[in-house]
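**Q** This structure is in structure tokens; I'll ask about it shortly.
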Amino acid sequence: MSPALRCVVLIVAAGSGTRLGAGIPKALVPLPGGATILEHCLQGVDRSHQGSHRGRLVGVVVVVPPDPAAAERLEQVCASAAERTGLPLRTVPGGRERADSVRAGLSACAALGDEPGAAAPVTHVLVHDAARPFVPPAVFQRVEDALEAGAAAVVPAVPVTDTVKTVAPWADTVKAPGLAGTGSEPAPFQVVDTPVRAALRAVQTPQGFELAALLRAHESARRAGEDAAALTDDSMLMEAAGHTVAVVNGDAESFKITSALDLALAAAVLQERSATSPQTA
Ligand code: C5P
């Protein structure tokens, strides 16, 4: 059993949102009702904090885009969220890739515990994508419970519904088949493996970690010159560092807003929430 958790939620919101095509950083995209994706995400953290968490959350760090105009707008959103929750909230500029943004945020998480008035050092961090605005409080709680039970790394996950293939560039010993008559390009890839679907999980956020261990894992990846673009989540760094990563149940509502179709899903979630519980939508 770990000593009492003192968790900071690290929200990475520095992505450009190119795939969404809104022309503004994704975290600033408004959802039906007017609140932005980041506002919904912060409301989720607040709900989790107000829930049965017994003071486990001690602060929030939001990583914002390096572009000053976008950063200023996101900082305004953060300032009003901080007033609501009463939790200390800091913002820091992000980097080119998600892993760079997480690394920038981790130092700020550690610093929160060293500030004058802080009761004790920060022990754990929950790394969370701003692009997942509807994570239910129960998911935060499951991740925190696993940390409290002693796990150094925890991911929420859901079974995958598609069969997933490993692919590789088409071997040039065989001519790639064109799709005759369709005008399409030849297939650029071929399947090299089909993992057993029952053993696969799609992992979501928040992912929970011992703060010092995650800082070390990121630092060794940086020193080893790992390609930051290939580091698509943080638990993979903990795996590489030899930690066991615990898996808890995620939730379908924790989906990540990536494309325009996901905005339609977001609208449906909000409609459903306002129908079932008007004050939480
Ligand atoms: O693009 P991707 O799906 O990896 O983004 C996941 C999360 O990481 C998003 O919330 C996005 O804002 C954040 N991100 C970031 N800095 C980057 C790229 C992505 O904070 N350079």
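The values are calculated or read from the model by the stated rules, or taken from the named source; none is laboratory data. Keep in mind that what you see is a predicted model, and the values were worked out from it rather than measured. Neighbour counts run over all protein chains shown; Cβ positions are idealised from the backbone, glycine included.
**Q** If residue 234 satisfies every condition in (1) touching a residue at least 12 places away in the same chain (Cβ under 8 Å); (2) surrounded by fewer than 19 Cβ atoms within 10 Å (Cβ to Cβ); (3) of a type in the set (D, E, K, R) but one, which is the exception?
**A** So the condition that residue 234 fails would be (2).
**Q** Can you tell me how many residues within the range 237-261 are within 15 Å of the ligand (Cβ to nearest atom), under 21 Å from residue 157 (Cα atoms) and loosely packed, with under 14 Cβ neighbours inside 10 Å?
**A** Summing the residues that are within 15 Å of the ligand (Cβ to nearest atom), under 21 Å from residue 157 (Cα atoms) and loosely packed, with under 14 Cβ neighbours inside 10 Å in the range 237-261 gives 1.
**Q** Scan the range 44-55 and tell me whether some residue there is under 17 Å from the mean Cα position of the chain (by Cα), part of a loop (DSSP other than H, G, I, E, B) and in contact (Cβ under 8 Å) with a residue 24 or more places away in the chain.
**A** No: zero hits.
**Q** For the range 206-220, check the following and say yes or no: at least one residue is of a type in the set (S, T, N, Q), within 23 Å of residue 164 (Cβ to Cβ), in the same structural domain as residue 129 (by TED's automatic domain parsing) and touching a strand residue (DSSP E or B) at 6+ places or on another chain (Cβ under 9 Å).
**A** Scanning the range 206-220 turns up at least one residue that is of a type in the set (S, T, N, Q), within 23 Å of residue 164 (Cβ to Cβ), in the same structural domain as residue 129 (by TED's automatic domain parsing) and touching a strand residue (DSSP E or B) at 6+ places or on another chain (Cβ under 9 Å).
**Q** I'd like the full set of residues that are farther than 14 Å from residue 7 by Cα and either away from the ligand (no atom under 12 Å from the Cβ) or touching a Cys at 6+ places or on another chain (Cβ under 9 Å) (or both), limited to the range 91-106.
**A** Within the range 91-106, just 91 meets the criteria.
**Q** Would you mind stating whether residue 32 is in the same structural domain as residue 256 (by TED's automatic domain parsing) and more than 24 Å from residue 104 (Cα to Cα)?
**A** So residue 32 passes the test.
**Q** Tell me whether the range 1-23 contains one or more residues that are in a helix (DSSP H, G or I) and either more than 10 Å from the ligand (Cβ to nearest atom) or in contact with a Ser or Thr (Cβ under 7 Å, 6 or more places away or on another chain) (or both).
**A** Checking the range 1-23: not a single residue is in a helix (DSSP H, G or I) and either more than 10 Å from the ligand (Cβ to nearest atom) or in contact with a Ser or Thr (Cβ under 7 Å, 6 or more places away or on another chain) (or both).
**Q** Working only within the range 56-75, note down all residues that are more than 16 Å from the ligand (Cβ to nearest atom) and touching a residue at least 40 places away in the same chain (Cβ under 8 Å).
**A** 56, 57, 58, 59
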